[in-house]
Amino acid sequence: MKKIYIRNLGKTHCNIISSAMHVFTRSRTIKTIDEIWFTEHYSIFTQGILEKNKNIIKKIKNIPIELHDRGGKITYHGPGQQLVYILINLKKNKINIKKFLFLIEKVIINTLKIFSIESYSVTKFPGIYINKKKFCSIGFRIINNCSLYGISYNINTNLKPYDYINPCGNKFIKMINLRDINPMITMKIFRKKFIEVFTKIFKYQEIYKSSYNVLDKIDLN
């Protein structure tokens, strides 16, 4: 029976979460239960392994830039944006990377449909778009058949920092908040529906929702 832990970590620093994900992933065994970590980050720009520093239009003194070993290029994270770190064993789930990414996109699109919002993906610039504006960014890494990193979607975040970069390496991309489309949708409401759709699409039968902070368990030293 497939099991998964769902954890809501609140606001966290991006570098701490990144370190925790690597420790968790590299120490996994075949018996380790898959997990999803929900969090918000303090304001930060992150660059993926494909970024060549060509997409920073102007540096902002009070927002740091960090390099991470995920896929994709540069993006912004900040309060009001939901980060969803998806730590699952692809081999145990019997899916390859291509199908995994397809299913992740399907989860987001189907979750938006619950709120009567039509969306779509773009192959060249991965993510989910609404009305020609980008709602969700996607960036993963696979280690030993296990995924780390994940997705970020804007609920009610400050979009101004995106003006200082070319999001995902595309100067024509404009970002959007979900609250601009439907002011009644909160992060909690959307998160709840996202979990329902995700666990259904990925066929998890047992779901453990834990307030236990996994960061207290993982030794980052």
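When the stretch 35-90 is filtered for residues that are among the aliphatic types (A, V, I, L, M), modelled with pLDDT under 75 and over 23 Å from ILE108 (Cβ atoms), the ones remaining, listed by number, are ILE56, ILE57, ILE60. Selection of first residues in the stretch 1-25 that are charged (D, E, K, R) and of second residues that are in a helix (DSSP H, G or I) and surrounded by 15 or more Cβ atoms within 10 Å (Cβ to Cβ), restricted to Cβ pairs under 6 Å at least 6 apart or on distinct chains, gives the following pairs, ordered by first then second residue: ARG7/VAL214.
Of the residues that make up the stretch 184-195, is at least one surrounded by 14 or more Cβ atoms within 10 Å (Cβ to Cβ) and in contact with a Pro (Cβ under 7 Å, 6 or more places away or on another chain)? No - not one qualifying residue is present in the stretch 184-195. Considering (1) at pLDDT below 95; (2) within 17 Å of PRO79 (Cβ to Cβ), the lone condition that ASN154 does not fulfil carries the number (1).
Among the candidates TYR149, TYR120, the residue that is more than 30 Å from ARG26 (Cβ to Cβ) and touching a strand residue (DSSP E or B) at 6+ places or on another chain (Cβ under 9 Å) is uniquely TYR120.
From TYR204, TYR208, grab the single residue that is at pLDDT 75 or above, in contact with a strand residue (DSSP E or B) (Cβ under 6 Å, 6 or more places away or on another chain) and outside any strand (DSSP E or B). Steps first, answer last, please.
On the way: TYR208 fails: outside any strand (DSSP E or B).
Sole residue among the options that is at pLDDT 75 or above, in contact with a strand residue (DSSP E or B) (Cβ under 6 Å, 6 or more places away or on another chain) and outside any strand (DSSP E or B): TYR204.
Within the stretch 86-111, the set of residues being out of contact with any strand residue (DSSP E or B) (no Cβ under 7 Å at 6 or more places or on another chain) and closer than 10 Å to VAL197 by Cβ comprises LYS106, VAL107, ASN110, THR111.
The values are calculated or read from the model by the stated rules, or taken from the named source; none is laboratory data. Just so we're clear, the structure is a prediction, and the values are computed from it rather than from any experiment. Virtual Cβ from ideal backbone geometry, glycine too; neighbours counted across all protein chains shown.
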